[in-house]
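Quick notes on the structure that follows.
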Amino acid sequence: MAEVKTILEVEDLCVAYGKVEALHHASIKVGEGQIVTVIGPNGAGKTTMLCSIMGLLPHTGGAIRFLGQELGDAEVEQMVALGINLVPESRALFGEMSVGDNLLLGAFMRHRAGHRDHEQTMEEVFRIFPRLKERREQHAGTLSGGERQMLALARALMAKPKLLLLDEPSLGLAPLIVREIFRVIADLKKSGVSILLVEQNARAALQVADYAYVLETGEIALEGASDQLIDDPKVVESYLGLGGKH
Amino acid sequence: MDLQIALLLGQDGITNGAIYALLSLALVLVFAVTRVIFIPQGEFVAFGALTLASFQAGKTPGTLWLLIGAGVVVALVDVTLALRSGMPKRILRIVGWNLVYPAVAAAVVFLLKPSEFPLLAQIVLALALVVPLGPMIYRLAFQPLAEASVLVLLIVAVAVHLALVGLGLLFFGAEGSRTPAFSDASFNLGPVTVSGQTLWVVGASLLLIVVLFAFFERTIYGKALRATAMNRTGARLMGISTVMAGKLSFLLAALIGAFSGILIAPITTVYYDTGFLIGLKGFVGAIVGGLASYPIAAAGAVLVGLLESFSSFWASAFKEVIVFTLIIPVLVWRSLTTRHVEEDE
């Protein structure tokens, strides 16, 4: 990926919970306009990596650079201001607020920075997720699992991010919805958003991504272009299963 | 007891209940957003009332010195941090709010004569001195502990309360003050006489509640505060900083407290430590609402006001006992009917 400009560079990242090291000198790169995925088993440190990039967790070593600028111990709010948005595994929606209000708050940082274009952004987001428009007045807590994931994605898009960090967007969703979510992710790439996607659903993730990393027990075990990894015997054996059971 | 006495007591109860309702809303707000049980809420009531009384007596209120002192400390801490983290752009704002603003307030107090101001201007000036203390106290006492447990925050809140009561004694002395009524009018409604001040208190409380409701329902900052209360991590991921939400909720709590103090100052003599008991009664209301529901908290607070006024007729020696005993059946009822919900963080 030499010809692509790097938007996010994570170098030798170490994160520890007390004495337990969850990430051990992990290095990844996300090119501008690319989808990069990190796959791996439970407890490999995938979520830890995203939280650390976002500033939710302090890192004990290594460096994180966004558009060439070193971030140090930046806080979450500064990351949002720079154009990085995280959709966490838990979705973290505001359950007792309407879908519309959830989306509005997605544009909070832009509003603070003086941009007053949230209504226009919301229309664009509704074009991607027409079902959310129908549910606009409904409380977020009453939505189905798939709709919640869509709302979480849509809310992140309200901030017009340059880089989107997605943590297990397919978790707990029916196969049909998973396909829809991944179609949206592929569409987002076309509109120029760079995406770092963390997934256990390795097959779906590899199909949509340009480049992939395999994270095992806090270390990058394998990396390569997705279309190569998808045929790699080790990946097939550990994450894809024989005969495409997934 | 005949109807006339009942109506009189009811009027009293509703007047006090309106004040307790305001305070209970502030307590629920602060707890929901910051998890701080805001014991010093009552001190803002006393500071608001006594600052206004000082203006009317032609004295310089001690809260001005507190504002200047707290501003200097906040500015020192924040400027040091801004320099250390390499964000010198923030300094202008820090200096503006914490040094320039108190200086302007001091200039107004010393150069103009607040004792000759009309009542409304005196009220605005009193609020202008007391309300900024809310965010300053948040900055100094609670912001460094944002991740601490509810119990630790409660202990700090008690410490802040004790410190502020002490400062109140230093600033205003042990004598109480009372301010003249906003209006001397009274109206005869059938068998009862309704005083103008009662209408002012109830009307102003209702107005403030409506304004707060509109703020939370209609503005993006109000929604941001509610979002922080619902899901702190989610809110941070939207760029709603915990610090901003904390300062904003303390600002509102200080505004509500000081405003309540100004409303009751003509009805009752306010001493430096009066606020605590008033705040506690608001707290009983907030507990009825489980520290989570605004309407139930407000209704509970009005109930506290009525209970207080009727028990002062039947068993005046036990007035406070009866009011605070209310907490026991309420807690039993709540613990039996509420399902425990795990925090999803």
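The values are calculated or read from the model by the stated rules, or taken from the named source; none is laboratory data. Note that the coordinates shown come from a computational prediction; the quantities given were computed from them, not determined experimentally. Backbone-built Cβ (ideal geometry, glycine too); neighbour counts: all protein chains shown. All accessible areas refer to the heavy atoms of the entire protein, side chains included, with ligands and DNA or RNA removed. Shrake-Rupley method; radii C 1.70, N 1.55, O 1.52, S 1.80 Å.
Summary of values
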item: Long pairs among A:K46/B:K223; A:K133/B:K223; A:K162/A:K234, criterion Cα-Cα beyond 27 Å; result: A:K46/B:K223; A:K162/A:K234
item: Partner chain coverage, peptide A:146-152 - average Cβ within 10 angstrom; result: 0
item: Cα lying deepest toward the dipole's positive end in the protein assembly as shown, options B:A126, A:A152, B:G13, charges on Cβ; result: B:A126
item: Estimated distance in nm for a label pair at A:L176 and B:A174, the labels positioned 7 Å out from Cα along Cα-to-Cβ; result: 7.9 nm
item: Distance-filtered residues of region A:210-229 - backbone nitrogen under 15 Å, label point 7 angstrom along A:N42 Cα→Cβ; result: A:217
item: Potential extension, A:Q207-A:E123 segment - 0.36 nm per residue separation minus Cα distance; result: 27.3 nm
item: Area of B:I264 that stays accessible when all protein chains are in place (1.4 Å probe, Å², to 10); result: 10 Å²
item: Simple label model, 7 Å out from Cα along Cβ direction - B:V158 to A:K5, nm; result: 5.8 nm
item: Modelled FRET efficiency - R0 35 Å, B:V243 with A:A221, Cβ distances, 0.05 increments; result: 0.35
item: Modelled FRET efficiency - R0 30 Å, B:F324 with A:R136, Cβ distances, 0.05 increments; result: 0.10
item: Cα-centre dipole for region A:75-125 with unit charges at Cβ (Lys and Arg positive, Asp and Glu negative), debye to 20; result: 120 debye
item: ³J(HN,Hα), Karplus 6.51/-1.76/1.60, whole Hz, each residue of region B:15-25, x for Gly, Pro; result: 4, 5, x, 4, 5, 4, 4, 4, 5, 5, 4
item: Net +/- balance of residues flanking A:E32 in space, Cβ distance below 10 Å, scoring K and R +1, D and E -1; result: +2
item: Amide H within-cut-off set for A:E216, under 5 Å, with H built and near neighbours excluded; result: A:A221
item: Within 10 Å of each Cβ in A:102-109, the average number of Cβ atoms from other chains; result: 5
item: Farthest toward positive dipole pole in region B:234-345 [+1 Lys/Arg, -1 Asp/Glu at C-beta], among B:A292, B:Y271, B:V330; result: B:Y271
item: Separation of alpha-carbon centers, region A:174-198 and region B:1-79, rounded to whole Å; result: 52 Å
item: Chain B: most fluctuating residue of B:G290, B:G134, B:G58 per GNM, C-alpha cutoff 10 Å; result: B:G58
item: Cα gyration tensor, region B:38-128 - rounded (a/c under 1.5), prolate or oblate; result: prolate
item: In Hz, Karplus ³J(HN,Hα) per residue of region A:102-119 (6.51, -1.76, 1.60; θ = phi - 60°; x = Gly, Pro); result: 4, 5, 4, 5, x, 9, 4, 5, 5, 4, 5, 7, x, 7, 10, 9, 5, 5
item: Residue-span extension gain [B:F187 to B:T219] - 0.36 nm each, minus C-alpha spacing; result: 7.7 nm
item: Stretch in chain A that is longest and holds no trypsin sites (Lys or Arg not before Pro) that DSSP places in a loop and that have at most 14 other beta carbons within 10 Å; result: A:137-244
item: Cα-based equivalent ellipsoid, chain B: semi-axes from gyration tensor eigenvalues, Å; result: 33, 27, 17
item: Total formal charge among the other residues, if their Cβ is under 14 angstrom from that of B:A82, Lys/Arg +1 and Asp/Glu -1; result: +3
item: Test item: B:224-233 mean partner chain Cβ contacts at 10 Å; result: 5
item: In Å², nearest 10: area of B:F117 left accessible to a 1.4 Å probe; result: 60 Å²
item: Simple spin-label estimate for B:V124 and B:A146 in nanometres, 7 Å along Cα-Cβ; result: 3.3 nm
item: Förster-model FRET efficiency, 60 Å R0, A:R116 and B:A317, C-beta, rounded to 0.05; result: 0.50
item: Reach of B:K247 by Cα under 16 Å, taken over aspartates and glutamates that are not fewer than 8 positions away in the same chain; result: A:E77, B:D78, B:E147
item: Exposure ranking of B:E217, A:E70 by accessible area [1.4 Å probe, largest first]; result: A:E70, B:E217
item: Within the accessible area of region A:39-142 (1.4 Å probe), percent carbon and sulfur; result: 46 percent
item: Hits among lysines - C-alpha to C-alpha of B:K113 under 22 Å, sequence gap 8 or more where chains match; result: B:K59
item: Net dipole in debye of chain B [+1 Lys, Arg Cβ; -1 Asp, Glu Cβ; about Cα centre; nearest 20]; result: 1000 debye
item: Coarse-grained scattering of chain A at q = 0.12, 0.13 Å⁻¹, given as base-10 log I(q)/I(0) from a Debye sum over alpha-carbon atoms; result: -0.67, -0.80
item: With DNA, RNA and ligands ignored, accessible area of B:W200 (1.4 Å probe; Å², nearest 10); result: 130 Å²
item: Low-density loop positions, chymotrypsin sites (Phe, Trp or Tyr not before Pro), region A:15-101 - DSSP coil, at most 16 other Cβ in 10 Å; result: none
item: Mean-position separation - Cα centroids, region A:135-150 and region B:199-269, in angstrom; result: 28 Å
item: Overall form of region B:1-154 per C-alpha gyration tensor (a/c, 1.5; a/b vs b/c); result: oblate
item: Net lengthening on full extension, B:T269/B:L111 (0.36 nm per residue, minus Cα-Cα); result: 54.0 nm
item: Area buried, chain B against chain A - accessible surface, total, 1.4 angstrom probe, square angstrom; result: 2200 Å²
